[in-house]
Each structure stands twice: as C-alpha cells, then as structure tokens.
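Working notes, beginning with the structure itself.
The values are calculated or read from the model by the stated rules, or taken from the named source; none is laboratory data. These numbers come from a predicted model, not from an experiment. Note that we place each Cβ from the backbone using ideal geometry, even for glycine, and neighbour counts take in every protein chain shown.
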Amino acid sequence: MSEKSYTLPRLTAEQVEQFHREGYLLPEEPVFPHAEFVALKNHFDRKLAALPPDVRPESMDVPHFTDPGLFRWVLSDAVLDLVEPITGPDIALFSTHFICKPKGDGRRVPWHEDSAYWKKMIDPAEVVTVWLAIDPSMLENGCMKVIPRTHNQGKKGFSDYVDVDASRNVFATEIDPRQRREELAVPCILEAGQCSLHDARLMHGSDPNTSDIRRCGYTMRFMSTRVKLNPEVKDYHHIYLARGKDIAGNTYGDPTRSYPEKARYRELNSKRMH
C-alpha cells in the first residue's frame, strides 16, 4: 500500500472536471521519471520474450497475479497521485493488463466499454483506467480511440454487443453499430511514458497495427474502496488496497505474493477480462 510522498495532486481541478464531463483525459506529463519508465519497459520486454509462441501478446491479462514485481510501478505514488483526484483518497487496484500489438499483425480492438466485461463483478461499475504507453501510440500503429461523453449513456454501464471475427479482433464481440457514433471518435496519441485516463463506461477501441512499429500499453485500473467486489469471483479475481482504507467491506490480496492458482483458474475457465 502506497503512502503519499507529497500532497499536491497531479491533476488540476479543471482536468478532473474534464475527465468527469468527457469520460477521458490526456495528461501531458510523463507518468514516471525516465529511469523508472525504462525499468518498467525493460521488465515488460522480458515478459514478452518469455511468452509461449502460441500466446498472442494482446492477451497478457492480470500479469500482476503472477508477477508481484509489477507493484513497484502499479502502486507507486506516481500513479496513485494521478488517480486520487478522481477516485478520492481510498483507492483499490482492480486489475492490470498489458495489451501489446506487434508490428505488422497487431489485432484490432473492437468498440467496447470495459464495464461490459465486468458484469456483476463490481457495484457500482466505477473504475478509472490509467493507460500507460510503453511504446509511442499513434494513428499508424493503432492507438486507442475514444468516443467522448459516452460514459453517461446507460445506467447498466454497458451497451448491447454483436459478434465479430475472433481471428481478427482481440475480443469476439463489439458494441452494436447502431449504438455508437464512430465519427465522433478522438485518437489518444501518446508518446512513450505518457498516459491517458478513461472511465470504464466510455466507448473506445482501436484499429489493427499494420505498421512496422510495435504498440504496447499497460492498463492499470483503479476504483474507490466504496466500490464492492462480488465475493463470488474469489476463485479467479481479487483486488488490492492501494491507498487509504477499505469502505465497502472488501477482502484484499497481498501485493508481496504471487497467485498462480487464480491465473490458472482464469485460463481453464475462460475468465479472461480486459
């Protein structure tokens, strides 16, 4: 659990208001000092090199369950001081995910809301994602695109979905085209080390990466400890107390230990999240 190193938040009141109004934010300041970012990038590159040849690099879900070393960055003040102005001082880590689109054949991410993949897991579905660019994220290599203000459209937290080609997309479903307006989409163009923030209910997606430049992002997802995790998911998921105190009566994982049994359960029972 992180203790604050300083008291000034990393977001201004205007930025926080923009996040709540638009559903996303593009802070310009790098998340980590350069040396710390390079250490994370090198850490990821070692994980990528160790992937079995039959595992797509877009699918590196909940890597922190088997790699506690990631908490060096995930639970750092650098990250939590970005999140606290949005969530409040009592913060839980919900999940993390490396989504790496290799050059040339990186798969498309269909239009979706993150909340659609967490049905009945949390209540309310209020999660903020820090999308950290491990590589430059540009139009040519399939940067994330968001449709502003779509996070407030439905009370259930997600739209209706239709099937898409699973061999060409990261997910096998996508928001019904009748419920989205792609012409309003905004690209989240980031330099390596920068991040975007987005609400879990915001519509977003990305094009395939057919360029000669890899595109990797590390998503770190946080929520207020007022959000309740459904205890029925204990076999394949848990959360971590990142800062402050518990409010909803949740049970938390230990960031100093590994949980390979949860990762294995997810793999065997198709419990992959996003």
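Within segment 162-179, the set of residues being exposed (fewer than 15 other Cβ atoms within 10 Å of the Cβ) and assigned to a loop (DSSP other than H, G, I, E, B) comprises ASP165, ALA166, SER167, ARG168, ALA172, ASP176. Residues of segment 111-118 include at least one that is out of contact with any helix residue (DSSP H, G or I) (no Cβ under 7 Å at 6 or more places or on another chain), among the small types (Gly, Ala, Ser), at pLDDT 90 or above and within 11 Å of LEU202 (Cβ to Cβ). Across segment 124-151, the number of residues qualifying as out of contact with any helix residue (DSSP H, G or I) (no Cβ under 9 Å at 6 or more places or on another chain) and over 22 Å from GLU28 (Cβ atoms) comes to 1.
Pick out, from segment 180-242, the strands (runs of 3 or more DSSP E) lying fully within it that include 2 or more residues that are surrounded by fewer than 22 Cβ atoms within 10 Å (Cβ to Cβ).
Numbers: elements: 195-199, 204-206, 215-224.
Ranges flagged: 215-224.
Note on segment 103-140: among residues that are acidic (Asp, Glu) and part of a loop (DSSP other than H, G, I, E, B), the one that is nearest to ILE247 (Cα to Cα) is GLU126. Remark: SER159 matches the filter, which requires a residue to be more than 24 Å from MET60 (Cβ to Cβ), of a type in the set (S, T, N, Q), buried (at least 20 other Cβ atoms within 10 Å of the Cβ) and touching a strand residue (DSSP E or B) at 6+ places or on another chain (Cβ under 8 Å).
Scanning segment 243-263 for residues that are small (Gly, Ala, Ser) and either surrounded by 21 or more Cβ atoms within 10 Å (Cβ to Cβ) or at pLDDT 95 or above (or both), which turns out nearest to HIS64 (Cα to Cα)? Walk me through how you get there before you give the answer.
From segment 243-263, those small (Gly, Ala, Ser) are 244, 248-249, 253, 258, 263; that's our starting set.
Of the ones still in play, those that are also either surrounded by 21 or more Cβ atoms within 10 Å (Cβ to Cβ) or at pLDDT 95 or above (or both) are 244, 248-249, 253, 258.
On the way: GLY244: 21, ALA248: 23, GLY249: 23, GLY253: 11, SER258: 8 Å.
Selected residue: SER258.
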